[in-house]
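For reference, the structure discussed in these notes is given below.
The values are calculated or read from the model by the stated rules, or taken from the named source; none is laboratory data. Computed from a predicted structure; not experimentally measured. In this analysis, Cβ positions are derived from the backbone assuming ideal geometry, glycine residues included, and neighbour counts consider all displayed protein chains. We work out accessible area using only protein heavy atoms, side chains counted, and drop any ligands, DNA or RNA first. Shrake-Rupley method; radii C 1.70, N 1.55, O 1.52, S 1.80 Å.
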Amino acid sequence: MSHGPAEPTGEVDPGDEPDDLTLTMPRVVPEEPRPVPSAPTAVPNAPTAVPNAPTAVPDGPVEVPGDWADDGLAGADGSRGQFTSGMAAGLAAVPYLRTAIRRRARLCGVCALLGLVLGFGAFKARPPTAKAEQEIYVTQVPGVEPQDAVLTDVALLQTRSLAELTLHRLGLTENVNKFMSSFIGVSLTDRVLEIVVSAPTSSEAMQRANAITSTFLQYRASIIATQRQATISKLNAELQYDDQQVAKFSNVIYQEETRAPSTQRTDKLAQLRGDLATAQAAVTTMAETVSSYEVGSEAGNAQEVAGSYPLYPAAALPPSKYRKAAVYAVGGLVAGLLLGMVIAVAAALMTDRLRRRDDVALAVGAPVRLSVGLVRVRGSGLLGRRKVTLPRALKAIGGIEVQRIAAQLWAAVPDRSDGAAALAVVVMDDPYSAVLPALSLALSCARAGGEVIIADLTDGTVVGQLLGFADPGVRILMVDGWQITLAVPDTCDLAPVGPLPQRADTLAAQLTGTATAGRAIAARVRSGRVVLGHGSAVQSAADYQLAAAYESADLLLTVATLDPAFGAEHLTTWAKDAVVIVTAGQSTATKIHSISEMTRLAGTDIRCAILVGADKSDESVGLGPADDWGGFAATAAEPAGGAPEHGDALPEPGQPDESRT
């Protein structure tokens, strides 16, 4: 056994071992402050056991406070049921939308912030136009229907000619159609017109309103003058026609007078002289009409033009309370927030990733005995978002979530029969959700005087990277002042064989085809002469070191990630029992079920599942399926002695634990 930073002095003397050696689960908080080392150090020439190991740390077992209930339930009666390819739709039941939105709070916040920026940008890109109004009093020509006259004036305001004249007056080169759409004229009464003009600024709007008013009055006056002139021309044309009739009758009468007298001549002259008199009277009347109209229309038009004027200078209208920068920004904020909520709800409704305890238990085929919140590392955000360093990890393992997972792992450690107690931790998603609790349990066992091996079977050797020794091999490290053995298989070996003797025999027999040859190869493996690596025999000193370390170890913790493409047969050579750790909302039902069934079919019993990041609103229990799930009921049930307590004694290597059997 080893304790603290004491240097090893030689081989273990069994007589030096204390009789009262117990293994407890103390808190991962040292009794005295000690600086955290930046990286673990390898102990040179360290043997597999250290003499003079002290007794267990007197802290006592871990008390698990907190608001997360331990789902320590063993299973439920019932049938296995059908597990088809459509299982994802059945397991991912309709989630609570409020919880889904709360989980996506960061997405909603990003969308709201984006909407805020876009709303303010829209205000800057297309600011609301300023408006000005101008009211004009118009005098109508006597004898004209006022309603018809004012409608004519309104139509006159919307003519293209008026717009072109106004642009010319203002000296602008703006498009005529665009300029025409920037103002509108309406009749308030039959004597009052109102012009409303839009422009980028209030001063420009007032300038345009004044220009439009002046142009309108001048254009209207020119229209009135044109109409008067057209009427006079028409009257003069009629007067000229009457003059022509008088001249015509006079010429005919002159011709008739030159003929010989007769009764017929006399009657015709009398008729012609009557027609002439009538034509002369018409000329006289038309001449008077033309003269009278010229005088009267001139006075009337002058009065009409002079009596039409703006009631007051153009005035700027107050801006709309809904067209301000704050309104645009708040509108964008609300729209972005609603968009984020819609995305969150849609994603929650369409996802096949599991979150509920019952769903995870059904997919794993084992009960969810513990559900905790997200495991976090201070200064690194959510795990996996940034690189987790060892100092931060050592601080994080003191957190309540990591401590509770470590306590559940210790409760799942099986009884010792031959060699060290072995437990595999199969992680589905975030490897640190298993690495940190395993490291916490290993340090607690080391503090209690136990000798622990951590085997890193994760993708990317997460444990080795965290401890600073990612190269293949077996090393004795000093982590936080305590001795831990780290085993890292060769990354090229897709199915690394572990130190469990009976499981190594079985795997060797599967690879060779016969039990006799398998036992022979397994013996050579345990003797250090050969190691099984993907079906080939290679020399390996690391395998000898692993076998030697296992013979003297008290606990073997294997952290593994599995791939359905390579199987899980090798896992049985590392541990007979496993705990599956699932992160809520990360893995699909198909993935969880496939890896769990692959682990179970390989001969490794899944004792329970741990759900990380569970929703507090989840009211499901997390019971496992019934007996016909392929051996689950046997593995899920507690041993005869009950679940292992944190203060249970760990027997010496090779000796069964009589208190738990």
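Listed values, structure above:
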quantity: Cut-off 18 Å, label 7 Å out along Cα→Cβ of Asn177, residues of the range 123-164 by amide N; calculated: 158-164
quantity: For Asp429, solvent-accessible area (1.4 Å; no DNA, RNA or ligand), Å²; calculated: 40
quantity: Stretch gain in nm, segment Lys395-Thr491, where the contour uses 0.36 nm per residue and the Cα spacing is subtracted; calculated: 31.7 nm
quantity: In nm, spacing of pseudo-spin labels at Ala105 and Val141 (7 Å Cα→C-beta vector); calculated: 7.7
quantity: Whole-angstrom gap from the range 196-222 to the range 130-161, using each part's C-alpha centre; calculated: 14
quantity: Approximate spin-label separation Ser594-Ile223, in nm, with each point projected 7 Å along Cα-to-Cβ; calculated: 8.0
quantity: Nearest-0.05 FRET efficiency for Val295 and Ala125, computed from C-beta distance (R0 51 Å); calculated: 0.25
quantity: The range 403-490, accessible area per residue, ligands and nucleic acids excluded (1.4 Å, Å²); calculated: 18
quantity: 5 Å-binned pair-distance histogram of the range 127-183 (Cα, whole percent); calculated: 4, 14, 20, 21, 17, 12, 8, 3, 1, 0
quantity: Packing rank of 481-487, 442-448, 159-165, 251-257, where each peptide gets the mean count of other beta carbons within 10 Å, highest leading; calculated: 442-448, 481-487, 159-165, 251-257
quantity: Reciprocal mean inverse distance between Cα atoms of the range 408-453 - Kirkwood radius, Å; calculated: 11.6
quantity: D (Stokes-Einstein, µm²/s), Kirkwood Cα radius, the range 131-248, 1.567 mPa s at 4 °C; calculated: 81
quantity: Surface accessible to a 1.4 Å probe, per residue, for the residues of the range 235-321, Å²; calculated: 66
